[in-house]
Structures are given as C-alpha cells and as structure tokens.
Amino acid sequence: MPAPPQARPEVESLQAYSAPLEGRRGLLRLDFNENTVGPSPKVVEAIRAIPADQYAIYPEYDGLREAVLASLAATPGTIAIEQVGLFNGVDAAIHALFQAYGAPGDRLLTTSPTFGYYTPCARMQGMVIEAIPYRLPDFAFPFEEILAALSGPPSGAAEGWCPPRLLLLCNPNNPTGTRLAPEAVLALAAAAPHTLVVVDELYEAFTGDSVLPLLLGAGGPQDPEGQKPGIAAATAAGADAAPETAAPAATAGADPFAACPNLLVLRSLSKTAGIAGLRIGFAIGAAAVVDRVSRVTGPYDINSFAVTAAFAALADQAYVDAYVAEVLAARQWLVERLVAAGVRHHVDGGNYLLIWPKRPAAEVDQALREAGILVRSMAGKPLIDGSLRVSLGTLEQMGRFWAAYEACDANPG
Ligand SMILES: Cc1ncc(COP(=O)(O)O)c(C=O)c1O
C-alpha cells in the first residue's frame, strides 16, 4: 500500500490545537470565557428574520466595516474603512497574520503562559518561538525583558541578529488576566518598527485597557517633539499605574496608525456580544497591514449568519455594557468568597480568574463536572500548573459555582 503524501515538515511535526469542546451543552460552561447568557435578543431576532433564499447566495459584507467603526465611537473618518479587516473569528485573523508575516526561521516573541493558539500558528510557519514568562508572584508583564528582546541580541550574539518578526501581546492576558497599560503597548511598537506588534484585545471590554482610544485622540503615540512614546512612562507595566508623562492628544482626523504602522489590534464579538458560535472578529491597523493579512483569507470566509448577527450586536452596545457590568459585579462577589474561605486565587483583567484548589485540581475539576459545571484545567501550563481557570458569568451562575466549589474543595473533609 502506498503511503499517503507527506504534508510540509512543519505540519508533520505539528500537534493539532485541540480544545475540549464536546459534550458541553446543558452544563454551566465556565471553561471557555464565553458569554454565559447568550447574545442580545436583537441578535436572535435578526438571525430568525433571515429569509431562506439568502442561504443560497454568498455573503455580502457591505457596511460591516462602517458598523465596526461606529461601534468604536470613533470620530467619524478617523479610522479608515481600509484599516478594518473582517475575519472568521479572531482565531482566523491570528492564523492569517502568521501566514502573511511568518516565514520559516523568523521569530515570534510573546509571553508565557498566554493564549494557546499563537504557538501552533508560529510552528506551522516554521517560526522560532521566544516566550518570556510573566513575573511571579503576581504575573506582572515582563516589560523590560520584552523590550530587550525586541531591541537587540543577548550580549555576545550580535551576528546575524534580526528583530522578531512578530510580537503577540494578549491584553488582558488569557489566562493570567495580566493587564498592560496601552501606553506600554505603544512604547513597544515604537521601539520595534520592524516587528509587527499584535495586541489581542479580546477581553478589553472588562478592563478598558485598549490602545484605540489613545490612537484616536484621547492621547497620541507621538509626543509634541515628535519623539517616540516615553519608555520610562510606559514601563508602568501595570495598567493601573499612572504614566509619568501624559500622552498628548493625537491630531483629530489624522491617520491613527501613522506613527505606529506596525501595530495591529484584534477585537472579537465572541466573548462580550455572545456570538462565539457564529465566528466573527476584526483586525484594526495600518491599511497596508490589514491588506496583507486579508490577502491570505478566502473571499467568503465569514458566513451570512455571522454578518447579520454582527450588525445587530454592534448596534446594541447597551446589551454588552450591561453584561460586562454584571460580570464585574459577579467577579467581586466571588472574590470576596474566595478571600473569606482562604482559597488561593489570582484575579486581574478579563472575565475569568485562576483558582488553586486545596485538593488536586483534576479531582476538583471532575467533581465540578459531576455537579454540572465546567471549568478549565491549567495542567501543564508554565507558572500556573495545578490551577483551574474559571470563567465569570452572572451573579446567579457564580452563586451556583461557589456552592459546588465549597462542597468539593473549600472545606475538604
Ligand atoms: C486571547 C484570545 N484571543 C482569541 C481568541 C479567539 O477568539 P475568536 O472566538 O474571535 O476566534 C480567544 C478565545 O478564547 C482568546 O482567548
């Protein structure tokens, strides 16, 4: 029997990115950081109203980029239509940007632990991965180390040194929740003009730490003398830390990416708007970068249902705001219980937190599953092995989680 043809060597040695996605229906799903209550009723209504004959025609995207811009509350005309790329979820944007920019032997610089899909995307391109650990004990962003890795070779290794091809920043980071001040993101982009700096802002709605308001004029990447943003100011890696120098206002109506054409921002409707199953995400950056990343996708990669849902979701920001407020209230409620019960935990940005059970994590994971609640084991992940990542939902859902957790771990018998 002839052997099947071999794939590229990078693919032959690749492990598929697999997530435990089956058998989740009917359970309280606190394992994928999804919206736990579903989308706005207006989204459901819009999907139901799609006439069947529309299933037969290829999707149309007219007006969707404008709707994305309107939802960002941008000064009209500030972000251009060509600066918005549409993708079949942010995962597809990530895959595409690696395909467009990552050549064999190129370096990916990122942090560890972080979102799991960056690594296989780098591997399938034959890239070399440099993952810098968060700083213990509180998983602070390793700003100086990232800056050093962007700026030059380790001493004595200067020959043939090239800056990393890609820097992937997840802000806030999944799964540690680590927040990075938007000024720090801009400083890293300014320090590495030959590196494509991608900031994955999937969970920014829960923190507000986005670079977009800075780029759009609430403050700009350039200082009045046209200098790069102050590294000193930006080393305030924690988002709560005030920069030493205030970022000056960008010129209204100017190209927001003029000063940082190497920065690409990723946003999605999966988590906050609650349409993860429909798949739609956005990449916002310099028109040339969005164009290159879009070149490696198919013409109809986003389906018509996702387009209809996206229009309805983008038009109902009030629904998203109310959901985010509910999650933040539920987070506070749960954290108070964790503190009172002396459960080791780590909470920062995002709609999730980490818990280190007193019993072995696998046993608690299983006991919760038997109680109808799914959480995500972080077994084998650097720095957080032995923890469980718990997605945050409504107060009622966190109440159910806490009752089950207390029963199986907080007071082990
Ligand atoms: C940090 C991060 N980026 C991207 C994604 C994928 O988002 P999407 O559903 O838009 O593909 C996820 C999903 O868990 C994520 O956590």
* Only helices (runs of 4 or more DSSP H) wholly contained in segment 1-84 count here; list those with 2 or more residues that are more than 30 Å from ALA330 (Cα to Cα). => 9-12, 64-71
* **Residue selected from segment 99-119 under the condition within 16 Å of the chain's Cα centre (by Cα) and surrounded by fewer than 21 Cβ atoms within 10 Å (Cβ to Cβ), by the criterion nearest to the ligand (Cβ to nearest atom)** => PHE115
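Going residue by residue through segment 1-10, is there one that turns out to be more than 26 Å from TYR203 (Cβ to Cβ) and surrounded by 13 or more Cβ atoms within 10 Å (Cβ to Cβ)? Outline the logic, then answer.
The first filter runs over segment 1-10 and keeps only residues more than 26 Å from TYR203 (Cβ to Cβ), leaving 1-10.
Cutting the leftovers down to surrounded by 13 or more Cβ atoms within 10 Å (Cβ to Cβ) gives us 10.
There is at least one residue in segment 1-10 that is more than 26 Å from TYR203 (Cβ to Cβ) and surrounded by 13 or more Cβ atoms within 10 Å (Cβ to Cβ).
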* **Residue satisfying condition, being more than 14 Å from the ligand (Cβ to nearest atom), more than 20 Å from the chain's Cα centre (by Cα) and either under 30 Å from PRO142 (Cα atoms) or modelled with pLDDT under 95 (or both), within set ILE47, ILE57, ILE79** => ILE79
* Asked: away from the ligand (no atom under 15 Å from the Cβ), touching a residue at least 24 places away in the same chain (Cβ under 8 Å), within 30 Å of ALA100 (Cβ to Cβ) and of a type outside the set (Val, Ile, Thr): does that describe ASP316?
  -> no
* Identify all residues within segment 53-83 that are touching a helix residue (DSSP H, G or I) at 6+ places or on another chain (Cβ under 7 Å) and within 17 Å of ALA254 (Cβ to Cβ); write none if there are none. => LEU72, ALA74, THR75, THR78, ILE79, ALA80, ILE81, GLU82, GLN83
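From ARG331, ARG337, ARG344, which residue is basic (Lys, Arg), within 22 Å of ALA140 (Cβ to Cβ) and more than 22 Å from the chain's Cα centre (by Cα)? Steps first, please.
Values: ARG331 fails: more than 22 Å from the chain's Cα centre (by Cα); ARG337 fails: within 22 Å of ALA140 (Cβ to Cβ).
It is ARG344.
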* To do: Search segment 361-413 for residues being touching a Pro at 6+ places or on another chain (Cβ under 7 Å) and among the β-branched types (Val, Ile, Thr), and hand back the single one that is nearest to THR272 (Cα to Cα).
  => ILE384
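The values are calculated or read from the model by the stated rules, or taken from the named source; none is laboratory data. The structure presented is a predicted model; accordingly, all values stated were derived computationally and were not measured. Cβ coordinates were reconstructed from backbone atoms using ideal geometry, including for glycine residues, and neighbour counts include every protein chain displayed.
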